[in-house]
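The values are calculated or read from the model by the stated rules, or taken from the named source; none is laboratory data. Owing to the predicted nature of the structure, the values given are computational and were not obtained by experimental measurement. Counting neighbours? That spans all protein chains shown, and the Cβs are built from the backbone with ideal geometry, glycine included.
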Ligand code: S3P
């Protein structure tokens with residue numbers, strides 16, 4: 001049997017037309033979770049049909065929640081109320097999804113029954129102590145494999161609301177604590193070292209829970225009732241980011257991205273690209289389901305290197321792979337600091353991007369919390385001495401970032417291990433081709449994928 005294991009990416013044409021990217025991953029996860037523990041029905045429109053978010057829906061089905069999928073991008077969640085979930089005898093599989101695992105750890109810590117969360121190889125290596133410790137401070141009991149999944153969450157614990165000061169700026173941790181706080185006695189207040197995306201807070205409010213929040217701080221009280229509602233999921237800015245950079249880099253491009261989610265805690269890349277000289281215009285701004293959205297028109301522009309302002313780092317935490325590609329094509333050097341979190345994402349994104357860009361002929365100096373990327377000419381890895389297959393290490397955003405890099409490289413760029421693109425952006429390759437990308441599937445037997 002031949003399986004698609006990679007892509008061969010190369011220059012295509014200038015990017016034109018309109019692109020609609022799939023729904024936001026963070027919002028889709030949360031809509032299923034809150035819908036499941038609400039009273040009544042929640043209708044989700046624009047749900048991301050990705051492996052990560054489908055894993056979350058499958059887990060809640062295992063926990064006794066009826067979730068209908070009448071059509072692509074639509075879910076109808078029949079909520080069972082705060083205390084209506086049922087134990088699953090089998091482990092709950094989060095796949096590659098860190099968001100599912102960390103948020104569910106908080107939510108399950110408040111249940112009357114025990115649960116076990118498992119993940120794929122990558123997720124089983126990611127740090128979980130950072131979520132276990134703050135939850136333990138509320139009274140949760142969670143066993144791990146030396147700080148990693150599988151996580152065994154003991155039910156029937158008495159949770160007590162408290163003040164939790166997080167040491168890592170992470171929306172996943174904040175959200176886990178807030179979800180556990182729904183089951184705690186009294187008030188739970190989370191303080192972050194730097195504000196992160198606030199979807200859990202906004203959505204709790206939309207479900208009728210009095211959650212108070214301001215940048216960097218959020219408070220919930222235990223024992224309330226969530227009421228089923230309608231959730232409109234905006235297009236995912238993190239998926240749009242690949243097209244933002246591609247259209248900026250490829251000469252002659254003029255691309256319209258439709259109705260992209262513009263939550264200010266997500267759009268750090270936009271600010272940084274503009275500082276680098278990008279030409280991106282916001283059009284048709286509106287508010288959809290409580291979230292700002294707009295069309296983004298991107299025209300080709302020559303970028304120049306900058307020092308990425310540290311305050312933007314949490315607001316673009318998923319966009320560094322593609323920023324590194326933009327930086328590799330800029331005039332001069334771009335320096336990133338304060339981004340050590342990148343080392344514990346789906347892969348070590350600093351190391352993996354550095355290896356890949358070097359094999360395209362780019363000079364890059366790694367530091368523990370970032371890198372300096374020296375802009376230059378990208379050579380297809382098949383042309384560059386020492387080049388070969390770019391390994392994405394099963395990391396969706398690495399694979400897509402190198403597909404973009406190939407659009408301005410001389411020669412082909414074979415990219416291996418791309419199946420996980422389906423976790424966040426199913427159909428990326430087809431959509432990218434429609435916009436003008438040069439990108440074709442490669443199979444195990446393809447000689448190009450065996451080079452290097
Ligand atoms: C997410 C938060 C971020 C982000 C992830 C989604 C969320 O992770 O990288 O893709 O939905 O809360 P951290 O909270 O670990 O930074």
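Some values worked out for this structure:
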quantity: Failed item in (1) surrounded by 15 or more Cβ atoms within 10 Å (Cβ to Cβ); (2) over 17 Å from residue 99 (Cα atoms); (3) more than 16 Å from the ligand (Cβ to nearest atom); (4) under 23 Å from the mean Cα position of the chain (by Cα), with residue 190 passing the rest; calculated: (3)
quantity: Sole exception among (1) closer than 25 Å to residue 435 by Cβ; (2) within 16 Å of the ligand (Cβ to nearest atom) for residue 314, by number; calculated: (1)
quantity: Qualifying positions in the range 326-346 - within 17 Å of residue 396 (Cα to Cα), buried (at least 19 other Cβ atoms within 10 Å of the Cβ) and out of contact with any strand residue (DSSP E or B) (no Cβ under 9 Å at 6 or more places or on another chain); calculated: 345, 346
quantity: Members of the range 243-257 found to be closer than 17 Å to residue 399 by Cα and either surrounded by fewer than 23 Cβ atoms within 10 Å (Cβ to Cβ) or outside the structural domain of residue 408 (by TED's automatic domain parsing) (or both), listed by number; calculated: none
quantity: Hey, residue 65 over 29 Å from residue 395 (Cβ atoms) and in contact with a helix residue (DSSP H, G or I) (Cβ under 6 Å, 6 or more places away or on another chain) or not; calculated: yes
quantity: Residue check for residue 105: surrounded by 24 or more Cβ atoms within 10 Å (Cβ to Cβ) and within 16 Å of the ligand (Cβ to nearest atom); calculated: yes
quantity: Residue count for the range 142-179, restricted to those that are more than 14 Å from residue 100 (Cα to Cα) and either away from the ligand (no atom under 12 Å from the Cβ) or free of Cβ contacts under 8 Å to residues at least 24 places away in the same chain (or both); calculated: 22
quantity: Scope the range 271-328; condition touching a residue at least 24 places away in the same chain (Cβ under 8 Å), closer than 22 Å to residue 16 by Cβ and not in a strand (DSSP E or B); matching residues; calculated: 273, 277, 278, 300, 301, 302, 303, 322, 325, 326
